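Below: one structure, written as structure tokens.
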Amino acid sequence: MIEKFRELYGSAESVRVFRAPGRVNLIGEHTDYNLGFVMPVALDLATYVAAAPSDDGKLRIFSEHRQEMREFNSSRIGAEMPAHQWTDYPVGVAQELIREGYFVGAANLLIRSTVPEGSGLSSSAALEVSSALALLNGREMEPLLLARVCQRAERNFVGMPCGIMDQYISVFGRENTAVEIDCRSLDHRNVELPAGITFLAVNTMVKHALAGSAYRDRVRECAAAVEAIQQQFPDVASLRDVTVERFELAGYLLPDVVRRRARHVVTEDDRVERFVEASERGDLARMGKLLVESHRSLQHDYEVSCAELDFLVDTALGIEGVLGSRMTGGGFGGCTVTMLRPEAADGFRQAITAAYEREFGVTPSIYSCKPSAGAGEVKA
Ligand code: GLA
């Protein structure tokens, strides 16, 4: 990367390289913006940004993937408007850093990424967090604030009303552990996964156009559910405050669609807790079952799955050594995550690839989900 940087900008003096990982969420889907629980792992797929300060008043950003160079006047970066393209991520982050009182000066940046875009493995958060570290260029920032600044960039500048999960895990990821995040307290605990299992993500290679608008609809539907439930339980501030028992009492107040959305969120929060317990007990069969229940709930109640994801899950469940499978991330394409016996991994890869090719005429990419470290500077 440093060679490439020198080629692009003529010198690699005082260049530093920062890394932020993508993620796969094991369980806890569409719960983060309802202030509930999620349990992702950071991946070894990551976005890298090489950066060096410059003295010509420009912020230059080169995307290797797009082969595009973009240039901004660094003194006016705070007033840039969204351009509805990839630069919105680093520029949005720059604006949120400025809002936090950080100076963003002239610099040259080079972006390289191994997180496949549109795959539901959180390439956006990886780009936001690595850009933030590059713009900070070694200045300290409290890790939780870093995650929040990046989430705000996505909400305020990119215009996607996302929760905190993706940015949080990109910052707080840890080798060999999954991370259970409480999206209300913004606290987390590291959950060591039992021996004898491995996770693989399978990419449908599609991202349906619906994804963005459906996400906004779900956020709104959940807010509507909260408002209705408050009639019976005035202390409910988010779906996080609705237990399964309370939902049984208050659910009838909700119109059908909103009720099913809320039922997904309420039961999914519960599944995360039960998944963590099962994981601590080493109860692999139970863990697998909870993954499948999560998928069915996303498929039928939350309605964010699609034919390709359902096919991958249903096919996976028929393959030797598979313990559980579900869609992961926002939905409408992207990836599934499958929990299986390590010795079954090769057979699984072959069988799922052949079946998906036969059904959709496309070869799915498959990634091993080795829990990896969170964001930081890459030292030579
Ligand atoms: C996207 C969002 C996250 C989360 C997931 C669904 O990845 O960015 O905040 O809501 O969808 O769990």
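The values are calculated or read from the model by the stated rules, or taken from the named source; none is laboratory data. These figures come from a predicted structure and were not determined experimentally. Using ideal geometry, Cβ is built from the backbone for each residue, glycine included, and neighbour counts are taken over all protein chains shown. Surface areas here come from the heavy atoms of the whole protein model, side chains and all, with no ligands, DNA or RNA. Shrake-Rupley method; radii C 1.70, N 1.55, O 1.52, S 1.80 Å.
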- Query: Looking at this structure, is Ala51 modelled with pLDDT of 95 or more and farther than 30 Å from Glu273 by Cα?
  - Reply: yes
- Query: Yes or no: Ser170 modelled with pLDDT of 95 or more and small (Gly, Ala, Ser)?
  - Reply: yes
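If I ask for residues that are away from the ligand (no atom under 16 Å from the Cβ) and open to solvent by 40 Å² or more (accessible area, probe 1.4 Å), which ones from the range 165-195 would you list?
Arg174, Glu175, Asn176, Ser185, Asp187, Arg189, Asn190, Glu192, Ala195
If you check Ala345 against the conditions, is it open to solvent by less than 50 Å² (accessible area, probe 1.4 Å) and assigned to a helix (DSSP H, G or I)?
On the way: open to solvent by less than 50 Å² (accessible area, probe 1.4 Å): yes; assigned to a helix (DSSP H, G or I): yes.
When the stated conditions are applied, Ala345 passes them.
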- Task: Would you please name the residue that is nearest to the ligand (Cβ to nearest atom), looking only at residues in the range 311-333 that are of a type outside the set (S, T, N, Q), open to solvent by less than 10 Å² (accessible area, probe 1.4 Å) and closer than 21 Å to Val206 by Cβ?
- Result: Gly329
- The residue that is nearest to the ligand (Cβ to nearest atom), considering only those in the range 348-380 that are among the charged types (D, E, K, R) and not in a helix (DSSP H, G or I), is Lys370
- Given Leu121, Leu127, which one is crowded, with 23+ Cβ neighbours inside 10 Å, within 14 Å of the ligand (Cβ to nearest atom), over 16 Å from Ser372 (Cβ atoms) and under 12 Å from the mean Cα position of the chain (by Cα)? Leu127
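Out of Gly92, Gly138, which single residue is touching a Phe, Trp or Tyr at 6+ places or on another chain (Cβ under 8 Å) and either modelled with pLDDT under 95 or not polar (S, T, N, Q) (or both)?
Step by step, each of Gly92, Gly138 is checked, and only Gly92 is touching a Phe, Trp or Tyr at 6+ places or on another chain (Cβ under 8 Å) and either modelled with pLDDT under 95 or not polar (S, T, N, Q) (or both).
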- Does the range 239-250 hold any residues that are surrounded by fewer than 19 Cβ atoms within 10 Å (Cβ to Cβ) and either among the small types (Gly, Ala, Ser) or not in a helix (DSSP H, G or I) (or both), and which are they? Thr243
- Considering every residue within the range 132-144, establish whether at least one is more than 12 Å from the ligand (Cβ to nearest atom), part of a helix (DSSP H, G or I) and in contact with a strand residue (DSSP E or B) (Cβ under 6 Å, 6 or more places away or on another chain). yes
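Can you tell me which residue in the range 286-310 is surrounded by the fewest Cβ atoms within 10 Å (Cβ to Cβ), limited to those that are of a type in the set (A, V, I, L, M) and over 15 Å from Thr31 (Cα atoms)?
Ala307
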- Pairs under 7 Å by beta carbon, first residue free of Cβ contacts under 8 Å to residues at least 12 places away in the same chain and charged (D, E, K, R) in the range 297-308, partner open to solvent by 30 Å² or more (accessible area, probe 1.4 Å) and not in a helix (DSSP H, G or I), six or more apart or different chains? none
- Task: Give me a count of the residues in the range 1-53 that are in contact (Cβ under 8 Å) with a residue 12 or more places away in the chain and assigned to a helix (DSSP H, G or I).
- Result: 8
